[in-house]
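Participant: Starting off with a structure, shown below.
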Amino acid sequence: MWDLLTMIRKVDLIVEVLDAREPLITHSSILEKNVLKRGKPLLLAMNKSDLVPLSLIESWKEYFRSRGLHAIYLSATGHLGTRLLRKSIQEELPQDGSVLLVGYPKTGKSSIINALKSRHSVSTSKLPMSAGSTRGISLLRIGRILIYDTPGVIPPDGDPFEKAIRGYPIEKLMDPIPPALRIVRVSSNIDREALVRKYGEFTSPENFLEIVAKKRGWFYGKSGEPNVEEAARAVIREYHEGRITYYTFPPSN
Ligand SMILES: Nc1nc2c(ncn2[C@@H]2O[C@H](COP(=O)(O)OP(=O)(O)OP(=O)(O)O)[C@@H](O)[C@H]2O)c(=O)[nH]1
Ligand SMILES: [Mg+2]
């Protein structure tokens, strides 16, 4: 995080990449505080918007606007909204300047850079670092925009659910079951039928994990009970891969 703070000082604009399915959890308030403290502009880019209904993503945009934050949405892999991103960056940067792309792991930072690259001729250049340093930092020039080619990763902190959503390594999650149950609960409230079609009938989120474990042949060695922990990790993985229907609503007030 401290390297990130150094980078914030260097650049003229910070673009924070959020996951459109959980914009609030994937927005770092520590980052926001530090960026605003230094008087730098902050642009929120809600990525993976292909996984969320359009009206919902609009209401998230409105939510951030009510908090005084400028948010846009896009789908990097769907090549949707990348032009708007470029335009918004240009508007925030009236003169030549550099941009840092940051975000929690797996929000799509690299995909966004690739999407920006593929549409425009890109040249890389070296920005001289402080005196005495021999190394340079690579920058991509996309039209008038200079963008750091190594996006900043925000360490995935928080409570167990936040950690899971923020891309903490799944195999290192202490107890994957509570976060997975919450994902299943949200998903079945949105589209229960989709879960049933994919995995079969289930009676509760807990039962869902048992069904997944049985279906995949995962059992605890000693007792022969379904290995629900492994099933929970699979659910979290599927969430990250965008293979479970999942989205959330902005706080209402
Ligand atoms: N559905 C969907 N998936 C996306 C989108 N953008 C990225 N992904 C997927 O999300 C995963 C992570 O994307 P990356 O671009 O590697 O994310 P990152 O933020 O660079 O990840 P780290 O470098 O690990 O922090 C990949 O499987 C991408 O294919 C998008 O707009 N829509
Ligand atoms: Mg990356």
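Participant: Under the rule of at least 5 residues apart or a separate chain, name every residue whose amide H is placed under 5 Å from the amide H of V52.
Facilitator: Counting only residues 5 or more places away or on other chains, the set is empty.
Participant: Could you pull out every residue, at least 5 positions away or on a different chain, whose amide H is within less than 5 Å of the one on G97? Hs are placed 1.01 Å off N in the peptide plane, and Pro or chain starts have none.
Facilitator: L146
Participant: With axes computed from alpha carbons, what is the tilt in degrees of helix 228-240 against the longest principal axis of the chain, rounded to the nearest 10 within 0 to 90?
Facilitator: Taking the Cα atoms of the chain, the angle to 228-240 is about 30 degrees.
Participant: Read phi for every residue in the stretch 159-173 and hand back ³J(HN,Hα) as whole Hz from Karplus 6.51 cos²θ - 1.76 cosθ + 1.60, θ = phi - 60°, with x for Gly and Pro.
Facilitator: 6, x, 5, 4, 4, 4, 5, 7, x, 4, x, 4, 6, 9, 5
Participant: Now for a different question. Below 20 Å, Cα to Cα, which aspartates and glutamates can K215 reach? Residues fewer than 8 away in the same chain don't count.
Facilitator: Hits, sequence-local ones excluded: E193, E201, E206, E225, E229, E230, E238, E241.
Participant: Neighbouring Cβ atoms within 10 Å as the yardstick, rank L116, L5 fewest first. Before the final figure, lay out the partial values.
Facilitator: Details: L116 22, L5 15.
Going from least to most buried by this count: L5, L116.
Participant: So which of K163/K214; K48/K163; K117/K172; K87/K163 end up more than 25 Å apart by C-alpha?
Facilitator: Values: K163/K214 27 Å; K48/K163 19 Å; K117/K172 33 Å; K87/K163 32 Å.
Those over the limit are K163/K214; K117/K172; K87/K163.
Participant: How big is the Rg/Rh ratio for the stretch 160-240, C-alpha atoms only, Rh by Kirkwood, two decimals?
Facilitator: Ratio value, two decimals: 0.96.
Participant: Which value, in nm² and rounded to one decimal, describes the direction-averaged projected area of the C-alpha convex hull of the chain?
Facilitator: Working: hull surface 64.7 nm².
If you wrap the Cα atoms of the chain in a convex hull and average its projections, you get 16.2 nm².
Participant: Right, next: Suppose a student asked you for the relative contact order of the stretch 2-153, using Cα pairs under 8 Å spaced at least 6 residues apart; what percent would you report? Numbers along the way, then the final one.
Facilitator: Details: 259 pairs, mean separation 36.9, N = 152.
In percent, rounded to a whole number, it is 24.
Participant: Under a 5 Å amide H to amide H cut-off, with H placed in plane at 1.01 Å, what residues pair with F219 once short-range neighbours are removed?
Facilitator: Close amide H contacts, sequence-distant or interchain: N227.
Participant: Output the peptides 234-244, 153-163, 22-32 sorted from most to least packed, where packing is the average of other Cβ atoms within 10 Å over each peptide's residues.
Facilitator: Values: 234-244: 17.9, 153-163: 16.2, 22-32: 19.5.
Highest-to-lowest ranking by the protection proxy: 22-32, 234-244, 153-163.
Participant: Still on this structure, please answer the following. Output the 0 to 90 degree angle, nearest 10, between the alpha-carbon long axis of helix 109-119 and the longest principal axis computed from the alpha carbons of the chain.
Facilitator: Between the helix axis and the principal axis of the chain, the angle is about 60 degrees.
Participant: Mind checking the angle between helix 205-216 and the chain's longest principal axis? C-alpha axes, 0 to 90 degrees, to the nearest 10.
Facilitator: Computed tilt is about 90 degrees.
Participant: I need the peptides 99-110, 189-200 ranked by packing, meaning the mean over residues of other C-beta atoms within 10 angstrom, with the highest value on top. All intermediate terms of the calculation are to be shown ahead of the outcome.
Facilitator: Values: 99-110: 22.5, 189-200: 13.2.
So the order, starting with the most tightly packed, is 99-110, 189-200.
Participant: Right, here's the next one. Once the dipole of the chain is set up with Lys and Arg at +1 and Asp and Glu at -1 on Cβ about the Cα centre, which of N47, I244, V35 lies farthest towards its positive end?
Facilitator: Towards the positive end, the residue furthest out is V35.
Bear in mind these aren't lab numbers, they're just calculated from the coordinates by the rules spelled out. All values derive from a computational prediction rather than experimental measurement. Note that we place each Cβ from the backbone using ideal geometry, even for glycine, and neighbour counts take in every protein chain shown.
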